[in-house]
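One structure is given here, and the rest of the page talks about it.
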Amino acid sequence: MNNAIASLARVATLGLSLAAAGMANAQSADSAGITVYNAQHASLTKAWAEGFTKETGIKVTMRQGGDTELANQLVQEGSASPADVFVTENSPAMVLVDRAGLFATLPQDVLAQVPENFRPKDGHWMGVAARSTVFAYDKRKLKDADLPKSLLELADAKWKGHWAAAPAGADFQAIVGALLQLKGEAVTADWLKAMKANSTAYRGNSVAMKAVNAGEVDGAVIYHYYYFGDQAKTAENSANVGLHYFRSNDPGAFLSTSGAGVLASSKHKKEAEAFVKWVSGKQGQAVLRDGDSFEYAIGNGADSNAKLEPIAKLQAPKVEPSTLDSKKVSDLMTAAGLL
């Protein structure tokens, strides 16, 4: 009897040991997963995450939010943040986190996948996509000769009541950041003051474009992909809309960089670096080319969607993405009554 009891005890102990080993293996597998604080469009990053997981087996958990919202959250969380990777729509949010010293330096083979103008010199983060500033206009009201040759022309009194934007959004604030870097504080402050007097504010680029399409305003400063995305569906919000590209290195030709960086506090740095490498590499950039985000692919040798105006023809001004000052922009826009 005692031998039988001892045998059962040994079996039970072995079973517990195997169960514990199984749990340890499961925890080890889970630890290979990464958490991405994602301020990019959810559909785009979903496609990136699914492609990356399919190829590597590494699970990706997304936490969705806006550029400024998630950047401030990361700064508040500091080294205690559960985030492994931060992905944004525009670069000012990346700068905010970088200035707080929260990014790890990316490996050179990862950085080398995009041109130098799409990444800061410190190598703490890099561009993974881009979007062009455009003037979306009502084709029924404006002809080529009527269109502004420069973004700065929208400060003229003749444009009062005729154009719109979404000043509260990170997209527009990145455009103002470029204007600040290219033309200085005095010009930017004056332009914002005129914008307050001349423009109509909407909540979001798509809403501003819809207003143009409906004839509420003659034009709106937005990013290009809202138009192409609507055109690819029903075109119900863009049927009457044309796109005007400012070109000629004008601030209105600003090409905004969407960024990705690995947090220095990440406990899964290799997996996080692998994600950024995949997104900025051949497969991730192909998602931009073949998908429905209509953002520009910027990886070396990568092609963008064929429907887009080629980057080389945009004649975008040279802007250092790591110096776009979101705080100064916010201060200037607040002073102008736009925020």
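I'd like the residue in the stretch 90-119 that is open to solvent by less than 20 Å² (accessible area, probe 1.4 Å) and among the small types (Gly, Ala, Ser) and, out of all such residues, is modelled with the highest pLDDT.
That would be Ala104.
So which residues in the stretch 48-84 are open to solvent by less than 30 Å² (accessible area, probe 1.4 Å) and either part of a helix (DSSP H, G or I) or in contact with a Leu (Cβ under 7 Å, 6 or more places away or on another chain) (or both)?
Across the stretch 48-84, the qualifying residues are Trp48, Ala49, Gly51, Phe52, Asp67, Leu70, Ala71, Leu74, Gly78, Ser81, Ala83, Asp84.
Give the stretch 319-339 a look and list any residue that's surrounded by fewer than 17 Cβ atoms within 10 Å (Cβ to Cβ) and in contact with a Ser or Thr (Cβ under 8 Å, 6 or more places away or on another chain), or say none.
Residues of the stretch 319-339 that are surrounded by fewer than 17 Cβ atoms within 10 Å (Cβ to Cβ), as a first pass: 320, 323, 327-328, 331, 334-335, 337, 339.
Within the stretch 319-339, just Leu339 meets the criteria.
Under 18 Å from the mean Cα position of the chain (by Cα), at pLDDT below 95 and surrounded by 14 or more Cβ atoms within 10 Å (Cβ to Cβ) - does that describe any residue in the stretch 120-132?
Initial filter on the stretch 120-132 (under 18 Å from the mean Cα position of the chain (by Cα)): 120, 123-132.
In the following step, the residues that additionally are at pLDDT below 95 were identified as 120.
The next check asks that each one be surrounded by 14 or more Cβ atoms within 10 Å (Cβ to Cβ); those that pass are 120.
Within the stretch 120-132, one or more residues are under 18 Å from the mean Cα position of the chain (by Cα), at pLDDT below 95 and surrounded by 14 or more Cβ atoms within 10 Å (Cβ to Cβ).
Search the stretch 150-172 for residues being part of a helix (DSSP H, G or I) and more than 22 Å from Gln315 (Cβ to Cβ), and hand back the single one that is most open to solvent (accessible area, probe 1.4 Å).
At the first step, the residues of the stretch 150-172 found to be part of a helix (DSSP H, G or I) are 151-155, 157-159, 170-172.
Those left that are additionally more than 22 Å from Gln315 (Cβ to Cβ): 157-159, 170.
On the way: Ala157: 84, Lys158: 138, Trp159: 13, Ala170: 31 Å².
If we take residues in the stretch 150-172 being part of a helix (DSSP H, G or I) and more than 22 Å from Gln315 (Cβ to Cβ), then Lys158 is most open to solvent (accessible area, probe 1.4 Å).
I'd like the residue in the stretch 294-305 that is touching a residue at least 24 places away in the same chain (Cβ under 8 Å) and surrounded by fewer than 20 Cβ atoms within 10 Å (Cβ to Cβ) and, out of all such residues, is nearest to Ser206 (Cα to Cα). Break it down stepwise before answering.
Applying the first criterion (touching a residue at least 24 places away in the same chain (Cβ under 8 Å)) to the stretch 294-305 yields 294-300, 305.
Right, trim to surrounded by fewer than 20 Cβ atoms within 10 Å (Cβ to Cβ) and you get 300, 305.
Working: Asn300: 30, Asn305: 20 Å.
Looking at residues that are touching a residue at least 24 places away in the same chain (Cβ under 8 Å) and surrounded by fewer than 20 Cβ atoms within 10 Å (Cβ to Cβ), I get Asn305.
Could you say whether any residue in the stretch 247-262 is open to solvent by less than 30 Å² (accessible area, probe 1.4 Å) and among the acidic types (Asp, Glu)? Quick ask: steps written out before the conclusion?
At the first step, the residues of the stretch 247-262 found to be open to solvent by less than 30 Å² (accessible area, probe 1.4 Å) are 250-262.
Now restrict to residues that are among the acidic types (Asp, Glu): 250.
Yes, there is a match, as at least one residue in the stretch 247-262 is open to solvent by less than 30 Å² (accessible area, probe 1.4 Å) and among the acidic types (Asp, Glu).
Given the criterion outside any helix (DSSP H, G or I), buried (at least 17 other Cβ atoms within 10 Å of the Cβ) and at negative phi, identify the matching residue among Ile175, Ile222. If you could, list the steps in order and put the result at the bottom.
Working: Ile175 fails: outside any helix (DSSP H, G or I).
Within the list Ile175, Ile222, the selection yields Ile222.
Only one residue in Ala208, Ala186 is aliphatic (A, V, I, L, M), at pLDDT 95 or above, out of contact with any helix residue (DSSP H, G or I) (no Cβ under 8 Å at 6 or more places or on another chain) and exposed (fewer than 15 other Cβ atoms within 10 Å of the Cβ), so which one is that? Steps first, please.
On the way: Ala208 fails: exposed (fewer than 15 other Cβ atoms within 10 Å of the Cβ).
Result: Ala186 is the single residue among Ala208, Ala186 that is aliphatic (A, V, I, L, M), at pLDDT 95 or above, out of contact with any helix residue (DSSP H, G or I) (no Cβ under 8 Å at 6 or more places or on another chain) and exposed (fewer than 15 other Cβ atoms within 10 Å of the Cβ).
Is at least one residue of the stretch 306-318 assigned to a helix (DSSP H, G or I) and open to solvent by less than 50 Å² (accessible area, probe 1.4 Å)? Give the steps one after another, and end with the answer.
First, the residues of the stretch 306-318 that are assigned to a helix (DSSP H, G or I): 311-314.
Within this subset, residues satisfying the condition of being open to solvent by less than 50 Å² (accessible area, probe 1.4 Å) are 314.
Scanning the stretch 306-318, I find at least one residue that is assigned to a helix (DSSP H, G or I) and open to solvent by less than 50 Å² (accessible area, probe 1.4 Å), so the answer is yes.
The values are calculated or read from the model by the stated rules, or taken from the named source; none is laboratory data. The model shown is predicted, which means the values in this text are computed figures rather than measured ones. Cβ atoms come from the backbone with ideal geometry, glycine included; neighbour counts cover every protein chain shown. Areas reflect the complete protein model, heavy atoms only, side chains present, ligands, DNA and RNA absent. Shrake-Rupley method; radii C 1.70, N 1.55, O 1.52, S 1.80 Å.
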